[in-house]
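Read-outs throughout are calculated quantities, based only on the coordinates presented, and are distinct from any laboratory measurement. If you're wondering where the values come from, they're calculated on a predicted model, not measured in any experiment. Please note: Cβ atoms are built from the backbone with ideal geometry, for glycine as well, and neighbour counts cover all protein chains shown.
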Amino acid sequence: MPHMRGQYSHVTGGCAEPPSGRYRMAVANLTVATVESDVTAFIVENFLFGDASEAPARDASFMDTGLIDSTGILEVVAFLEEKYEIEVDDDELVPENFDSVGNIAGYVVKTQEEA
């Protein structure tokens, strides 16, 4: 898989549809641990073909490991927007927010707190 460099690019068209409502959840009392668990489960199901033994550590960089490329990040974003009812702006698609499970969880919780 290609490595991502710098800011993730937001691609229009050709992106997978957001996940079905089965992922949606109430967002009250959302914790970093809950989001980490949900994101890890999504990654295992959608990028690792259900092989939980290959699940990324919370701080493992997607860019360094090549686990998720820029198109895969768009799938993760669609999942997050559906599940947590948030909107991710293009300027927020940066490694500081989306390069690891831990970064994603921190971003989602912060975004929910600001809503």
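Annotation for Ser37 and Glu87: the two label points, set 7 Å from Cα along the Cα-Cβ direction, are 3.0 nm apart.
What the Cα atoms of the range 21-114 give is an Rg and a Dmax of 12.2, 35 Å.
The slack between Glu54 and Gln112, meaning 0.36 nm per residue of separation minus the straight C-alpha distance, is 18.0 nm.
Couplings 3J(HN,Hα) of the range 70-75, computed from phi: 5, 5, x, 4, 5, 5 Hz, in residue order, whole Hz [Karplus 6.51 cos²θ - 1.76 cosθ + 1.60, θ = phi - 60°; x for Gly and Pro].
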